[in-house]
Amino acid sequence: MTGKTTLRMDAAGLNAFLLRAFPEADPEAMPRVTAMSPGRVMLTMPTASRNLRPGGVISGPTLMSLSDTAAYALVLAHIGEVAMAVTTSLTIHFLRPCKPGVLYAEAELLKLGRRIATCDIALWTEGRDKLAAKATVAYALPEETAK
């Protein structure tokens with residue numbers, strides 16, 4: 001990982017910020033930051049029938065949404081509470097059907113530059129050794145973080 005390695009927010013602060021940033025979301029269905037260290041965050045998200053696609057597996061949009069949220073949390077953990085860090089790209093590879101259950105996302109900071117942050121996200125329900133998807137997410141950082 002390149003870039004800053006000091007955390008500026010903790011898990012409780014990130015979870016509180018996400019609830020404030022998305023006030024219309026159901027707090028019980030929101031992803032939660034469960035662990036973090038410099039360059040990494042882990043999130044969990046409960047899933048329900050609303051997250052399933054025909055065939056009874058977790059939908060692609062649900063996996064993409066958690067990927068984006070994990071990257072956002074990871075970036076904010078390093079730059080602080082900056083609401084206008086925005087997604088510039090999200091590429092996802094679906095590796096196997098994602099069975100219903102608690103959805104896990106582990107995000108790793110690949111690079112934290114002055115203007116762009118790039119993160120790698122692994123997603124699964126059945127175990128870290130059975131990845132359902134792998135995503136790369138880039139975030140544009142506001143000018144105030146480059147100073």
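The values are calculated or read from the model by the stated rules, or taken from the named source; none is laboratory data. Note that the structure is a prediction, hence the values are computed from the model and not measured. We work out accessible area using only protein heavy atoms, side chains counted, and drop any ligands, DNA or RNA first. Shrake-Rupley method; radii C 1.70, N 1.55, O 1.52, S 1.80 Å.
Solvent-accessible surface of the chain, taken per residue with a 1.4 Å probe and all protein chains present: 51 Å². Our note on the geometry: Cα centres of region 1-79 and region 102-147, 10 Å apart.
Just checking my list (1) -0.50, -0.78, -0.88, -1.33; (2) -0.55, -0.84, -0.93, -1.33; (3) -0.38, -0.61, -0.70, -1.42 against log10 I(q)/I(0) by the Debye sum over Cα atoms at q = 0.11, 0.14, 0.15, 0.22 Å⁻¹ computed from this structure; which label fits? Read-out taken from this structure: (3).
Of the heavy-atom accessible surface of region 1-106 (probe 1.4 angstrom), what whole percent is carbon and sulfur?
57 percent
Pairs of lysine residues in the chain that meet both criteria, 8 or more places apart or on different chains and Cα atoms under 28 Å apart, total 8.
Panel values: region 91-147, Kirkwood radius from alpha carbon pairs, Stokes-Einstein at 4 °C and 1.567 mPa s, translational diffusion coefficient 103 µm²/s.
Remark: the residue 84-residue 25 segment gains 19.4 nm on full extension, using 0.36 nm per residue and subtracting the alpha carbon distance. Taking the C-alpha atoms only, the angle from helix 60-79 to the longest principal axis of the chain is near 20 degrees.
The sum of -39500 (n - 2.57) across all DSSP H runs of n ≥ 4, divided by the residue count of the chain, sets its helix-only mean residue ellipticity at 222 nm to -7000 deg cm²/dmol.
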